[in-house]
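What follows is one structure encoded as structure tokens, with my remarks underneath.
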Amino acid sequence: MENAGAKETTDEAERRGLGTPATRAAIIEKLVKSGLVERQKKNLIPTQKGVSLITVVPEAIKSPALTAEWENKLKLVERGEVSADGFMAGIAEFTVGIVKANNTPNPETLSLFAASGQRDGVGKTGAVIGPCPRCGSDVREGHIGYFCDNKACQFKLWRDAKFFTAKKKEITKHIATALLKEGRVFLSGLYSEKTGKTYSATVILDDTGGKYVNFKMEFGKGAKK
């Protein structure tokens with residue numbers, strides 16, 4: 001990552017490679033968590049899902065030359081040789097072009113993900129952890145969350161749901177199973193952003209059928225283990 005696209009980057013660019021030293025570790029962790037790569041001793045090995053993704057992604061996006069080009073243009077913006085608005089407009093135009101050129105499903109590329117058993121980060125062979133609170137179908141465990149088998153339902157529990165990450169928690173399989181079967185789960189060690197301390201509470205699944213699943217908490221007598 002540190003040397004990716006370095007040959008295409010000018011000597012005057014602020015940085016080279018993909019990401020910064022401070023963000024590269026986080027990028028790698030996200031790739032692992034998303035199931036795109038896996039650790040094997042000291043090496044990072046692409047999974048079938050990762051190989052499939054890099055196969056279907058347009059060359060312009062996956063080439064480190066794009067990062068180098070944008071880094072070079074940012075230097076020009078800094079000098080006042082290119083306007084910031086013009087730079088952003090170019091990125092917007094590039095994005096629209098990529099979407100238009102790749103908005104038709106390709107049976108060959110779709111088969112790559114079918115072969116790896118992936119749909120929204122979950123394979124059909126993933127373990128069933130409970131019934132969907134919306135439609136009653138099976139909810140299965142995936143790399144990045146827990147997903148309803150019924151694609152039209154769109155119910156999902158992300159492992160890194162904002163409600164939980166704010167409390168320095170992740171929706172583990174145990175938590176997801178309890179939420180689906182009981183509608184609630186007692187948790188300790190929840191982090192308070194206000195006090196910096198931890199506390200215990202019962203987290204309740206409060207799904208209203210929207211795009212994102214909501215949660216609420218009970219304290220005191222209502223927070224039963």
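The values are calculated or read from the model by the stated rules, or taken from the named source; none is laboratory data. The model shown is predicted, which means the values in this text are computed figures rather than measured ones. Every residue, glycine as well, gets a Cβ built from its backbone with ideal geometry; the counts of neighbours run over all protein chains shown.
Taking L157, is it more than 24 Å from L31 (Cα to Cα), surrounded by 17 or more Cβ atoms within 10 Å (Cβ to Cβ) and outside the structural domain of S34 (by TED's automatic domain parsing)?
The answer is no for L157.
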Test: N150 is polar (S, T, N, Q), modelled with pLDDT under 90 and either in the same structural domain as E29 (by TED's automatic domain parsing) or exposed (fewer than 14 other Cβ atoms within 10 Å of the Cβ) (or both): no
Mind checking which residues of the range 27-74 are over 15 Å from the mean Cα position of the chain (by Cα), in a strand (DSSP E or B) and touching a residue at least 12 places away in the same chain (Cβ under 8 Å)? L44
Taking into account only those residues within the range 154-168 that are basic (K, R) and assigned to a loop (DSSP other than H, G, I, E, B), which is farthest from Y199 (Cα to Cα)? R159
Go through the range 170-212 and count every residue that is more than 20 Å from R140 (Cα to Cα), surrounded by 12 or more Cβ atoms within 10 Å (Cβ to Cβ) and of a type outside the set (V, I, T). 8
Out of (1) touching a helix residue (DSSP H, G or I) at 6+ places or on another chain (Cβ under 8 Å); (2) assigned to a strand (DSSP E or B), the odd one out for S200 is which? (1)
Going by the conditions given, is G210 at positive phi and either of a type outside the set (A, V, I, L, M, F, W, C) or touching a strand residue (DSSP E or B) at 6+ places or on another chain (Cβ under 8 Å) (or both)? no
